[in-house]
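Trainee: Supplied in structure tokens, the structure appears directly below.
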Amino acid sequence: MPIRPRLASALLLLACAPSARPAPAGPAAPASAPSAPAASIAARTAGMARHDGFIPIHVDPRAEKLLLELPADSTRALLFFSLATGLGSNPVGLDRGADGDAHVVRFDRAGDRVLVVLENWRYRSSAGDTTAHARTVAESFPPSTVAALPLVAAEGGRLLADASDFVLRDWTGIADALQRAGQGSYALARDRSTIHRPLTRAFPGNTEIDAALTFTTSGRPGPIMRELLPDAQALTLRQHISLLPLPDDRFRPRPADPRVGYFGVQFKDYAQPIQAALEQRWAARHRLLRADPRDPSSPIVAPIVYHIDRGIPEPVRSATVEGAKWWEEAFARAGLPGAFVVRDLPEDADPMDARYNVVQWENRNERGWSIGGSLGDPRTGEIVKGMARMDSHRARTDYNLYAGLMGADAAAADTAFVLARIRQVTAHEIGHTLGLAHNYIASTYERGSVMDYPPPRVRLDAAGRVDIAEAYDAGPGEFDVWAIRWGYGIFPPESERDSLAAIVREGLERGFLFLSDADARPEFAADPRTSLWDDAATPEEFLRHQMDVRRVAMRAYGERNIREGEPIALLQERFAPVYFMHRFAIASLAKAVGGMEYAYALRGDGLAATRPVPGARQRAALSQLLTVLRPAELAIPDTVVALLAPRPYGYRSSVELFGSRTAPAFDELGAARTLAQMVVDAILQRERAGRLATFSTRGGDALGLAETIDSLVAATWQRPAPASPKAAALARIGQRAVADGLLELAADTAAMPEVRAMAELKLRTLASVASTRSARGTDVERAHWLALAGDLRRWIDREELPSPTPALRAPPGDPFGAP
């Protein structure tokens, strides 16, 4: 049964369900019932379109009015906001189908108004038998009263409220998103905004309201707006609002376990014992019930059904369906056959309808992310609607990766490569909508999870040719099956805790580890096992494979990498992912320098909380990284450079292109500088430098910061000058990258004092070397050393940071594109 409020001490307090679901107090109840407006509901809605359902709605197309018909007493519901249509821009991020906020809402009558109150579920009391304590929480943390709906009629225990202004409001933050993205100051134009009647409907279990919101600006629109819109002064997007009954109490919240990796709800429960944490975390999950929860062979009452957008083009759509069905396999292997089902979205269905979990198509102007999101009950973590959005450029991006490595003349192999990736990314995004977070350490146990980011597995075969036979996986990983067992397993209440603990123990014994975004994405990430876009048991192995393949692909690169009749200039954007193919392996291996392996350990589980990477491995990793700075590894073959032509007439510039300071010619030295600075900046990253300085104080064979910098200098400043002019120029690029990296580190006020002091010491040595070398050699060599000596002396003598020409930004290297 739905949980209903009860009146206690003049406050509405939510009683706790048998599952100890905590409940906050609501705002004060009105002192007395107000008088009702004289008009009847029938009179007020004459000529309007009525939609019966959970909350009946009346739409007046003549005056753009939307009226809600509510019970006379306080009504509570789930309230979801989302975007039905998108801007088509990945950088701005206003996407079709974007999930917004989810709230528990209450409609309270107050005189001639109905107040819309968002309940505050971030602070709770689970002391259901102590209403006085619940009151202390309710009176300490306020709700949000976000609207007052004019009351236009009342009769027979029903209220009729005008929700027009509430509906035609920027709930999804469209104007703020445009402002943050530098696209202009837009404001909602109420006179150009309307109720979208075709998709404003009501059903027994949900009420759906769709509104077309128009935003205008009197200032100068940003470049993205000018490119995308017919008239950049105005844009119209549809916003969707869903209202649903509060779910009943048959869903039991499940305390989250950091070793498994589920999203969820977090809140503070002030009824917890003194020895327990106030902060509570419950895993986000769909509801899944058996007819008899005590019988593991009992049938599933209502499976989790995901619907595939009919607008996804073939053959991508078929691959999307196949990828979605990986979860049918995962649930079956987890002992829950039939619990997950994939179907087509019904012909007349709105993908925004809260009754449907959807996998829908996202067209954008440039490549970007596919995204898995969900809308759920803020009280319990129960997922009500899963929303996976698949990027339209993914197939083309994957094709470019294929063509850059293998050539563009393949008849079927390129399509097979692309569709294999589509299956994997579909499963990945649906995994998010099931509650699963990224697991970036799963690559260390052989593709353990689809929730990792997999680059294509590319190796050299025995004949030295590029081999993509195992580019992508073909089903869910073992970690995924284990995580579904933990998250969706159905157990009797009295044995659930012990059953979940046993599942976790089994997973740890099998080596299932979980580390996520905060452990992989930041520049200062420390665990070399946890990286985006890695595909090997160790980062050392991954970088070795990537560099081997890169050398072969670069030697073979040429007209074969585009199709007959395509502009030669397209070779440049297709060459970028080949030249920078090893960028993620570089970032991964850099974590071994000053590295520390760790786990989300709990007391008694046997996991090592932290463990610094041994010094010998750190030195080997540093040595391997420094090979990337060799002139031969920075160089681009002359045969390739000759083909990297300017864009033809009518072809606009693109983020996929290399930067250039030699336009219209390709800037080969600029590309090399970008790559060299990647390596140096990864090694000298300030937190990494801080760990090197700190770990070296613990004795043993730890690699220290001084030794690290000396190794960098030895690999670049102390090598004999190469004989060829190009190799010599590339060597100078490495020298400049090291100097600039050390200058930045010495000037970084956020770095440890010990780090800055060591960088300062090493800069003094380099200044002396540069000054000595500036007295001899060719004009090119003397100019190089004089510039370095001057920059270093200005910092040493006056702490005046020079303004060296920065490295050019690299084109995006992963299938997502730059943020």
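Trainee: How about the stretch 334-344: which of its residues are in contact with a Pro (Cβ under 9 Å, 6 or more places away or on another chain) and open to solvent by 10 Å² or more (accessible area, probe 1.4 Å)?
Mentor: Within the stretch 334-344, Gly335, Gly338, Val341 meet the criteria.
Trainee: Cβ-Cβ below 7 Å, separation at least six or inter-chain, first residue in the stretch 785-808 and in contact (Cβ under 8 Å) with a residue 60 or more places away in the chain, second part of a helix (DSSP H, G or I) and of a type in the set (Ser, Thr, Tyr): which pairs?
Mentor: That search, which allows pairs on different chains as well, returns Ala807/Thr674; Leu808/Thr674.
Trainee: Out of the stretch 489-510, which residues are in contact (Cβ under 8 Å) with a residue 60 or more places away in the chain, in contact with a helix residue (DSSP H, G or I) (Cβ under 8 Å, 6 or more places away or on another chain) and either open to solvent by 80 Å² or more (accessible area, probe 1.4 Å) or not in a helix (DSSP H, G or I) (or both)?
Mentor: Selection gives Gly489, Phe491.
Trainee: If you don't mind, another one. Provide a single number: the residues in the stretch 314-325 that are of a type in the set (A, V, I, L, M, F, W, C) and open to solvent by 20 Å² or more (accessible area, probe 1.4 Å).
Mentor: Qualifying residue count, the stretch 314-325: 1.
Trainee: Only one of Ala232, Ala276 is on the phi < 0 side of the Ramachandran plot and either among the polar types (S, T, N, Q) or open to solvent by 20 Å² or more (accessible area, probe 1.4 Å) (or both); which?
Mentor: Ala276
Trainee: Mind checking which residues of the stretch 93-118 are among the acidic types (Asp, Glu) and either over 30 Å from Arg238 (Cβ atoms) or not in a strand (DSSP E or B) (or both)?
Mentor: Result: Asp95, Asp112.
Trainee: Oh, and also: Tell me yes or no: at least one residue of the stretch 111-130 is of a type in the set (Gly, Ala, Ser) and in contact with a Gly (Cβ under 7 Å, 6 or more places away or on another chain).
Mentor: Within the stretch 111-130, none of the residues are of a type in the set (Gly, Ala, Ser) and in contact with a Gly (Cβ under 7 Å, 6 or more places away or on another chain).
Condition check ((1) part of a loop (DSSP other than H, G, I, E, B); (2) closer than 30 Å to Gln572 by Cα; (3) open to solvent by 30 Å² or more (accessible area, probe 1.4 Å); (4) touching a Cys at 6+ places or on another chain (Cβ under 9 Å)) across all residues:
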residue	(1), (2), (3), (4)
Leu743	no, no, no, no
Asp748	yes, no, yes, no
Val755	no, no, no, no
Arg764	no, no, yes, no
Ala783	no, no, yes, no
Ala789	no, no, no, no
Trp795	no, no, no, no
Pro802	yes, no, no, no
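Trainee: Same structure again: Within the stretch 160-174, is even one residue open to solvent by 60 Å² or more (accessible area, probe 1.4 Å) and more than 31 Å from the chain's Cα centre (by Cα)?
Mentor: Yes, the stretch 160-174 has at least one match.
Trainee: Among the residues of the stretch 420-463, count how many are of a type in the set (Ser, Thr, Tyr), assigned to a loop (DSSP other than H, G, I, E, B) and modelled with pLDDT of 95 or more.
Mentor: Residues in the stretch 420-463 being of a type in the set (Ser, Thr, Tyr), assigned to a loop (DSSP other than H, G, I, E, B) and modelled with pLDDT of 95 or more: 2 in total.
Trainee: Give the stretch 287-341 a look and list any residue that's small (Gly, Ala, Ser), assigned to a loop (DSSP other than H, G, I, E, B) and under 26 Å from the mean Cα position of the chain (by Cα), or say none.
Mentor: Gly311
Trainee: Let me ask another. Got a number for residues in the stretch 459-485 being in contact with an Asp or Glu (Cβ under 7 Å, 6 or more places away or on another chain) and not acidic (Asp, Glu)?
Mentor: Total meeting the criteria: 4.
Trainee: Here's another thing I want to ask about it. I want to confirm something. Restricting to the stretch 550-564 and keeping residues that are more than 11 Å from Gly407 (Cα to Cα) and either of a type in the set (D, E, K, R) or without any contact (Cβ under 8 Å) to a residue 24 or more places away in the chain (or both), which single residue is least open to solvent (accessible area, probe 1.4 Å)?
Mentor: Of everything passing the filter in the stretch 550-564, Arg550 is least open to solvent (accessible area, probe 1.4 Å).
Trainee: Moving on to the next point. Out of the residues in the stretch 683-724 that are of a type in the set (Lys, Arg) and not in a loop (DSSP other than H, G, I, E, B), which is least open to solvent (accessible area, probe 1.4 Å)?
Mentor: Arg688
Trainee: For the stretch 728-737, check the following and say yes or no: at least one residue is in a loop (DSSP other than H, G, I, E, B) and either surrounded by fewer than 24 Cβ atoms within 10 Å (Cβ to Cβ) or at pLDDT 95 or above (or both).
Mentor: Within the stretch 728-737, none of the residues are in a loop (DSSP other than H, G, I, E, B) and either surrounded by fewer than 24 Cβ atoms within 10 Å (Cβ to Cβ) or at pLDDT 95 or above (or both).
Trainee: Right, here's the next one. Which of the residues belonging to the stretch 174-195 are assigned to a loop (DSSP other than H, G, I, E, B), out of contact with any Ser or Thr (no Cβ under 7 Å at 6 or more places or on another chain) and without any contact (Cβ under 8 Å) to a residue 60 or more places away in the chain?
Mentor: Hit for the stretch 174-195 is Gly182, nothing else.
Residue-wise test of (1) touching a Gly at 6+ places or on another chain (Cβ under 6 Å); (2) exposed (fewer than 14 other Cβ atoms within 10 Å of the Cβ); (3) of a type in the set (Val, Ile, Thr).
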| residue | (1), (2), (3) |
| --- | --- |
| Ala153 | no, no, no |
| Leu188 | no, no, no |
| His196 | no, no, no |
| Thr207 | yes, no, yes |
| Pro221 | yes, no, no |
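Trainee: Let me ask something additional. Can Gln572 be described as modelled with pLDDT under 95, open to solvent by less than 50 Å² (accessible area, probe 1.4 Å), of a type in the set (S, T, N, Q) and not in a loop (DSSP other than H, G, I, E, B)?
Mentor: Judged against the criteria, Gln572 is a match.
Trainee: Further, regarding this structure: State yes or no: is Arg113 of a type in the set (Lys, Arg), under 25 Å from Ala46 (Cβ atoms) and open to solvent by 20 Å² or more (accessible area, probe 1.4 Å)?
Mentor: yes
Trainee: What are the residues in the stretch 249-269 that are surrounded by fewer than 18 Cβ atoms within 10 Å (Cβ to Cβ) and either modelled with pLDDT of 95 or more or hydrophobic (A, V, I, L, M, F, W, C) (or both), if any?
Mentor: Pro255, Pro258, Gln266, Lys268
Trainee: Scan Arg106, Arg76, Arg21 and give me the residue that is closer than 30 Å to Phe251 by Cα, open to solvent by less than 10 Å² (accessible area, probe 1.4 Å), at pLDDT 90 or above and of a type outside the set (Val, Ile, Thr).
Mentor: From the options Arg106, Arg76, Arg21, the qualifying one is Arg106.
Trainee: Would you mention how many residues in the stretch 527-541 are assigned to a helix (DSSP H, G or I), over 23 Å from the mean Cα position of the chain (by Cα) and under 19 Å from Met596 (Cβ atoms)?
Mentor: Residues in the stretch 527-541 being assigned to a helix (DSSP H, G or I), over 23 Å from the mean Cα position of the chain (by Cα) and under 19 Å from Met596 (Cβ atoms): 1 in total.
Trainee: Scan the stretch 119-161 for residues that are hydroxyl-bearing (Ser, Thr, Tyr), modelled with pLDDT of 95 or more and part of a loop (DSSP other than H, G, I, E, B) and report the count.
Mentor: Counting residues in the stretch 119-161 that are hydroxyl-bearing (Ser, Thr, Tyr), modelled with pLDDT of 95 or more and part of a loop (DSSP other than H, G, I, E, B) gives 1.
Trainee: Out of the stretch 646-698, which residues are over 30 Å from the mean Cα position of the chain (by Cα) and of a type in the set (Val, Ile, Thr)?
Mentor: Thr662, Thr694, Thr697
Trainee: Would it be correct to say that Val769 is at pLDDT 90 or above and farther than 30 Å from Val578 by Cβ?
Mentor: yes
Trainee: How do the helices (runs of 4 or more DSSP H) wholly within the stretch 584-643 filter down when requiring 1 or more residues that are touching a Gly at 6+ places or on another chain (Cβ under 7 Å) and under 15 Å from Leu543 (Cβ atoms): which remain?
Mentor: Here the list reads 615-626.
Trainee: Could I ask something else about it? Is it the case that some residue within the stretch 584-597 is over 28 Å from Tyr402 (Cα atoms), at pLDDT 95 or above and surrounded by fewer than 22 Cβ atoms within 10 Å (Cβ to Cβ)?
Mentor: Checked against the condition, which is being over 28 Å from Tyr402 (Cα atoms), at pLDDT 95 or above and surrounded by fewer than 22 Cβ atoms within 10 Å (Cβ to Cβ), the stretch 584-597 yields at least one hit.
The values are calculated or read from the model by the stated rules, or taken from the named source; none is laboratory data. Just so we're clear, the structure is a prediction, and the values are computed from it rather than from any experiment. FYI the Cβ positions are ideal-geometry reconstructions off the backbone, even for glycines, and counts take in every protein chain you see. Only protein heavy atoms, including side chains, enter the accessible area calculation; ligands, DNA and RNA are left aside. Shrake-Rupley method; radii C 1.70, N 1.55, O 1.52, S 1.80 Å.
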